[in-house]
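Novice: Pasting in a structure now, in structure tokens, and then I'll have a few things to ask.
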Amino acid sequence: MIDNSVFHNKKVAFHTLGCKLNFAETSAIGKKMSDEGFVKVRAGEEADVCVINTCTVTDTADRKSRQAISKLKKLHPNAIMVVTGCYAQLKPDEISKIEGVDLVLGANEKFSILDYLRNIESDKPVEVHTTKINKIKQFEPSVSRDDRTRYFLKVQDGCDYYCTYCTIPFARGRSRSANIAQTIEKAMEAIDAGAKEIVLTGVNIGDFGKLTGESFFELVKAFDAIDRDVRFRISSIEPNLLTDEIIDYVAQSKHIMPHFHIPLQSGTNEVLALMKRKYNRNFFAHKVQKIKSLMPHAFIGVDVIVGVRGETAELFEDSCQFIDGLDISQLHVFTYSERAGTKMLDIEQNTPIAERKKRSDILHLLSDKKTKAFYESQIGKTYPVLWESRHNGESMVGFSNNYIKIERPYDKNRVNTVEMVLFGEWNEEKSALMVNKL
Ligand code: SF4
């Protein structure tokens, strides 16, 4: 058992897999631990506690989570190994059998990690604490900073949609969020710490406020009303929740960036129906047209899943043609992998693994074509760019309001500052535009 007073100067190592939401949550867990005296382990030191925040979106994510646990155990053989996150919620027994694991915490328990550490018995077998997924109520807005300059603010968790290929509702529970005042308070912490750009994240962020009687549109307006030098990006939002009034508002907003990330998943109505998505492709095309008619310079990223059950070669071809016709800037291509307990497994028609990979390659090429065309359409324009801390000593990168990646010679005084930049030529190798004049 660890005594409370002994948390002081105890060393903790973190490893996070998966989405930005997980990173924001690891950051919130880290803050709780450092408030109680823990310090982050430095390279070469041995940790007293390791926290692995796992992901279960695909088989590969499960495997990487297991590998991370084993790797950390080798590096820190005497540490208490705590495993949490989506994989821990979904398959706690599987994780508890992995050599070296001491504590498995589910979605409802992860933020109470200190209570569990206080009570853990060193000579006891592995402890598993999870809550049934339909009983999970816990929600905390949390914020993390990435290795660039951006902050990620978790504004919502869980999902009530049950798309047939997806396990997220089983791992993260029902849709929930804090209220607007609490969410803005969390954002202000990041702004006071120097944030110039905050990305609003969640599992299904358009569902914000469902339980508090508020709406995502009201949240967007509240962010826009913050009278500070900061910009906000809306991360992935379901097309049916990206209302026309939100698009109209963003088009005239001061702080919300002209950048959208919308999951399409398939470009045919047949496959959308098999996936139980809540829109058809004409609806999606309307959203893209609406954005582009008001903000021709907006960046639009689109998620697509290839090789799901029921996606025949003809349907894939039709999907590609539809996607090719959309005025979008980038595709995020995911290859379908079977997930136990999902409804999609009831569909007989299956796509061989090699064919899934081929379809993924085709869409990656289409994505490259779209990105290049979008970037080239922006050459000669001037937009505000936030310069990031990442650099290789010679050059640094920044992102414009409309999410164009731009590069210039490194200048440390420019890090985390916003500057108006005239966009120069496209650099194929770096997938970026160059600053036109220095
Ligand atoms: S909207 Fe669908 S794909 Fe997205 S998390 Fe919810 S169930 Fe999964």
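Each reported figure results from applying straightforward, stated rules to the coordinates on display, with no laboratory input. Keep in mind that this is a model prediction, so the values were computed, not measured. In this analysis, Cβ positions are derived from the backbone assuming ideal geometry, glycine residues included, and neighbour counts consider all displayed protein chains.
Novice: Go ahead and estimate [θ] at 222 nm for the chain from helices alone: -39,500 (n - 2.57) per DSSP H run with n ≥ 4, summed, over the residue count, rounded to 500.
Specialist: Using -39500 (n - 2.57) per qualifying helix, the result is -10000 deg cm²/dmol.
Novice: I would also like to ask the following. Work out the charge dipole of the chain with +1 on the Cβ of Lys and Arg and -1 on the Cβ of Asp and Glu about the Cα centre, then indicate which of 296, 38, 114 is farthest towards its positive end.
Specialist: Positive-end residue among those listed: 38.
Novice: For the range 52-201, what is the percent of antiparallel DSSP beta bridges, rounded to the nearest 5?
Specialist: Working: 5 of 17 bridges.
Rounded to the nearest five, the antiparallel share is 30 percent.
Novice: Given H placed on each backbone N at 1.01 Å, which residues far from residue 199 in sequence or on other chains put an amide H within less than 5 Å of it?
Specialist: 151, 152, 153, 233
Novice: On to the next question. Report, to the nearest 10°, how far helix 281-294 tilts away from the longest principal axis of the Cα atoms in the chain, using its own Cα long axis and a range of 0 to 90°.
Specialist: Around 70 degrees separate the two axes.
Novice: Using Cα pairs closer than 8 Å and at least 6 residues apart in sequence, work out the relative contact order for the range 104-176, in percent.
Specialist: Details: 83 pairs, mean separation 21.0, N = 73.
Reported relative contact order: 29 percent.
Novice: To the nearest 20 Debye, how big is the dipole of the range 4-135 about its Cα centre, given +1 on the beta carbon of each Lys and Arg and -1 on that of each Asp and Glu?
Specialist: Details: 20 positive and 17 negative charges, 81 e Å.
The calculation lands at about 380 debye.
Novice: Something else about it: Placing +1 at every Lys and Arg Cβ and -1 at every Asp and Glu Cβ, with all other atoms neutral, what dipole size does the range 88-191 have around its Cα centre, in debye to the nearest 20?
Specialist: Using only the charged Cβ atoms, the result is roughly 460 debye.
Novice: Is the range 4-135 best put as rounded, prolate or oblate by its Cα gyration tensor, with a ≥ b ≥ c the root eigenvalues, rounded for a/c under 1.5, and otherwise prolate when a/b is larger than b/c, oblate when not? Provide the component values of the computation, followed by the final result.
Specialist: Working: a/c = 1.36, a/b = 1.29, b/c = 1.06.
Rounded.
Novice: How tilted is helix 20-35 with respect to the longest principal axis of the chain? Cα atoms for both, answer in degrees (0 to 90, nearest 10).
Specialist: The answer is roughly 40 degrees.
Novice: A follow-up question, please. Enumerate the calculated ³J(HN,Hα) couplings along the range 261-274 in order (Karplus 6.51 cos²θ - 1.76 cosθ + 1.60, θ = phi - 60°), each rounded to whole Hz, writing x wherever the residue is Gly or Pro.
Specialist: Values, residue by residue: 10, 10, x, 9, 6, 8, x, 10, 5, 4, 6, 4, 5, 4 Hz.
Novice: Something else now. In degrees, nearest 10, range 0 to 90: what is the angle between the Cα axis of helix 180-192 and the longest Cα principal axis of the chain?
Specialist: 90
Novice: Which whole-number percent gives the relative contact order of the chain, counting Cα pairs below 8 Å spaced six or more residues apart?
Specialist: Relative contact order here is 10 percent.
Novice: In this model, which of 154/254; 20/40; 97/132; 64/135; 196/405 are farther than 25 Å apart at the alpha-carbon?
Specialist: 64/135
Novice: Starting at the first residue of the range 217-227, write each ³J(HN,Hα) from the Karplus equation 6.51 cos²θ - 1.76 cosθ + 1.60 with θ = phi - 60°, in whole Hz, x for Gly and Pro.
Specialist: Whole-Hz 3J(HN,Hα) from phi for the range 217-227: 4, 5, 5, 4, 5, 5, 5, 5, 7, 5, 8.
Novice: Which order do the peptides 50-57, 234-241, 257-264 come out in when sorted by mean C-beta neighbours inside 10 angstrom, highest first?
Specialist: On the way: 50-57: 24.6, 234-241: 20.0, 257-264: 22.4.
Per-residue Cβ counts within 10 Å, averaged per peptide and sorted highest first, yield 50-57, 257-264, 234-241.
Novice: If you take every DSSP beta bridge whose two residues both sit in the chain, what share of them, in percent to the nearest 5, is antiparallel?
Specialist: Working: 22 of 63 bridges.
Counting only bridges with both partners in the chain, antiparallel ones make up about 35 percent.
Novice: If we sort 177-184, 198-205 on the protection proxy, mean other Cβ atoms within 10 Å, highest first, what's the order?
Specialist: Peptide ranking by packing, descending: 198-205, 177-184.
Novice: Please sort 332-343, 297-308 by packing, taking for each peptide the average over its residues of neighbouring beta carbons within 10 angstrom, highest first.
Specialist: With the highest mean Cβ count within 10 Å placed first, the list reads 297-308, 332-343.
Novice: Quick check: the distance between the Cα centres of the range 354-378 and the range 264-332, to the nearest angstrom?
Specialist: Result: 13 Å between the Cα centres.
Novice: Neighbour counts of other C-beta atoms within 10 Å: give me 287, 254 arranged from fewest to most.
Specialist: Working: 287 22, 254 9.
Ranking 287, 254 by Cβ neighbours within 10 Å, fewest first, gives 254, 287.
Novice: Using a Gaussian network model on the chain with a 10 Å cutoff between Cα atoms, which of 62, 361, 115 fluctuates the most?
Specialist: Looking only at 62, 361, 115, the biggest GNM fluctuation is shown by 115.
Novice: Using a simple charge model, +1 on the beta-carbon of Lys and Arg, -1 on the beta-carbon of Asp and Glu, nothing else, what dipole does the chain show about its Cα centre, in debye to the nearest 20?
Specialist: So the dipole magnitude of the chain works out to roughly 200 debye.
Novice: May I pose another question? Could you tell me the center-to-center distance, by alpha carbons, between the range 153-192 and the range 45-100 in angstrom?
Specialist: 23
Novice: For residue 330, list long-range residues whose amide hydrogen, built 1.01 Å from N in the peptide plane, is under 5 Å from its own amide hydrogen.
Specialist: When sequence neighbours closer than 5 places are left aside, the close amide H contacts are 300, 302.
Novice: Can you work out ³J(HN,Hα) from phi for every residue in the range 332-338, in order, using Karplus 6.51 cos²θ - 1.76 cosθ + 1.60 and θ = phi - 60°, giving whole Hz and x for Gly and Pro?
Specialist: 10, 9, 10, 9, 4, 9, 4
Novice: Here's a follow-up. So in the range 127-268, what percent of DSSP beta bridges are antiparallel if you round to the nearest 5?
Specialist: 35
Novice: Which residue, chosen from 313, 202, 144, occupies the Cα position most advanced towards the positive end of the dipole of the chain, where the dipole is computed from +1 (Lys, Arg) and -1 (Asp, Glu) charges on Cβ about the Cα centre?
Specialist: 144
Novice: I've got another one for you. Using the charge dipole of the range 4-135 (Lys, Arg: +1 at Cβ; Asp, Glu: -1 at Cβ; taken about the Cα centre), state which of 70, 126, 100 has its Cα farthest towards the positive end.
Specialist: Of the candidates, 70 comes out farthest on the positive side.
Novice: When a/c is below 1.5 the answer is rounded, else prolate if a/b is larger than b/c, else oblate, so apply that to the range 382-435 with a ≥ b ≥ c taken from the square roots of the Cα gyration tensor eigenvalues.
Specialist: On the way: a/c = 1.79, a/b = 1.09, b/c = 1.64.
Because a/c hits 1.5 or more and a/b fails to exceed b/c, the range 382-435 counts as oblate.
Novice: In addition: Rank these for me by crowding, 311, 388, 94, going from fewest to most other beta carbons within 10 Å. Numbers along the way, then the final one.
Specialist: On the way: 311 27, 388 21, 94 13.
Going from least to most buried by this count: 94, 388, 311.
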